[in-house]
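Down below is the structure, laid out as structure tokens.
The values are calculated or read from the model by the stated rules, or taken from the named source; none is laboratory data. Just so it is clear, the structure is predicted and the values come from calculations on it, not from any experiment. Positions of Cβ are backbone-derived with ideal geometry, glycine not excepted, and every protein chain shown enters the neighbour counts.
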Amino acid sequence: MIVGVLGAGQLARMIALAGIPLGLDFIFLDPSADACANKLGEPLIGDYNDPALLAQLAERADVVTYEFENVPAEVAEFLASHTQVHPSPKALAVAQDRLVEKSFFFGLGIPTPDYAAIDSFESLEQAMITLGYPAILKSCTQGYDGKGQSLLKSPDDLKQAWELLQGVPAVVEAFVPFNREVSILAVRSVSGEVVFYPLSENLHRGGILRVSECRADDPMQQQAETYISRLLEALDYVGVLALELFEIDGKLVANEFAPRVHNSGHWTIEGAETSQFENHLRAILDLPLGSTAPVGNAAMVNFIGGLPKTEELLAIPHAHLHLYDKSPRKGRKVAHATVRTESREQLSELVKKLTVLADQVDDS
């Protein structure tokens, strides 16, 4: 069985690492010859919309998936007319545009922060009269890990924030005084089987995820499952879906969803009976889904821009290091470590130790 993957970054790499023990082969389409997943399968190096490469991928892959949502939706649509593509091109198209995504949430009764569409500096000024400060201005497309975003604290910030967007369509969101950030991962197979992972509690800095911790038996679990189930149904979704949420005084408000395996679910590699990566493959191949039950207490710490010494990381008890085979670069995710323990107290102590090492090399 051959799985085609659009993109060959670290998420594609971890998908392949989960699939190789299942006897799966992989083809990766990516513009970069040194993309970190290429060593784990057959690389097709070129633009995502290269007709010859797409034809080759469509002919040879039994199913195609993607590792990130900035793959052109029309590419997924073309491939879907020739082979199976999961998640669907519709899910990709909705996730690619923040304004479309928020309208989609609204139609499903999933609450979001107040927002307004922005297409000019004048419309931004007008929107701020209603939304008030602080707020966040975001480009509608190509926004991830804090890119294409500006925090608006006062009217003095508007001009520079608008100029940074260079006139692209945008959305401005009211800043919500959240208690915490959480995310939920769900998996749905071709046959319609659905499983949910426990909530992840997340810590971001500079728009980039730093720490995710599994929160088994979280009081917000049922509410999160209700919202993500609506997305699964409306999108006729297949694969892993991630929904990022703010908790505000005991209620959840949606931030965004990702139609793919997700950084906040990396703890599942060692911390769940079945990792998000294996379950994604099971789902798109219509195999029985694996248990999402947590194994002990687990968390994940990202390494951004640089990497501590391997011996320092592995000296931390219960730590599991995952290198991405990527060269250090400012703001780049180059690795993560998971840690799994029997007690929450010990987990907190070890996460602190990993975070200290991460902060020492952080170049974000």
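Would you check which residues across region 212-253 are free of Cβ contacts under 8 Å to residues at least 40 places away in the same chain and more than 26 Å from LEU285 (Cβ to Cβ) and list them? Reasoning before the result, please.
Here is the first cut: in region 212-253, the ones free of Cβ contacts under 8 Å to residues at least 40 places away in the same chain are 215, 217-223, 226, 233, 250.
Selection gives ARG215, ASP217, ASP218, PRO219, MET220, GLN221, GLN222, GLN223, THR226, GLY250.
Restricting the search to region 5-45, which residues are within 25 Å of GLU270 (Cβ to Cβ), free of Cβ contacts under 8 Å to residues at least 40 places away in the same chain and within 20 Å of the chain's Cα centre (by Cα)?
The answer is ALA16, PHE28, ALA35, ALA37.
If I go through region 82-135 residue by residue, how many of them are under 30 Å from VAL3 (Cα atoms) and either in a helix (DSSP H, G or I) or basic (Lys, Arg) (or both)? Walk me through it before giving the result.
As a first pass, look at region 82-135 and keep what is under 30 Å from VAL3 (Cα atoms): 82-98, 100-101, 104.
Within this subset, residues satisfying the condition of being either in a helix (DSSP H, G or I) or basic (Lys, Arg) (or both) are 89-96, 98, 100-101, 104.
Within region 82-135, residues that are under 30 Å from VAL3 (Cα atoms) and either in a helix (DSSP H, G or I) or basic (Lys, Arg) (or both) number 12.
Based on this model, can you work out whether ALA242 counts as part of a strand (DSSP E or B), within 18 Å of the chain's Cα centre (by Cα) and within 18 Å of ARG98 (Cα to Cα)?
Working: part of a strand (DSSP E or B): yes; within 18 Å of the chain's Cα centre (by Cα): yes; within 18 Å of ARG98 (Cα to Cα): yes.
Taking the combined requirement at face value, the residue satisfies it.
Restricted to region 308-322, and to residues that are touching a residue at least 24 places away in the same chain (Cβ under 8 Å) and more than 21 Å from the chain's Cα centre (by Cα), which residue is surrounded by the fewest Cβ atoms within 10 Å (Cβ to Cβ)?
PRO317
Got a sec? Which of ALA61, ALA18 is at pLDDT 95 or above and surrounded by fewer than 23 Cβ atoms within 10 Å (Cβ to Cβ)?
ALA18
For GLU101, all conditions in the list (1) surrounded by 19 or more Cβ atoms within 10 Å (Cβ to Cβ); (2) free of Cβ contacts under 8 Å to residues at least 60 places away in the same chain; (3) among the acidic types (Asp, Glu) hold save one; what is the number of the exception?
Evaluating GLU101 over (1) surrounded by 19 or more Cβ atoms within 10 Å (Cβ to Cβ); (2) free of Cβ contacts under 8 Å to residues at least 60 places away in the same chain; (3) among the acidic types (Asp, Glu) leaves (2) as the failure.
Could you please give the count of residues in region 120-142 that are surrounded by fewer than 21 Cβ atoms within 10 Å (Cβ to Cβ) and either within 27 Å of the chain's Cα centre (by Cα) or not assigned by TED's automatic domain parsing to the domain that holds ALA170 (or both)?
Residues meeting the conditions: 5.
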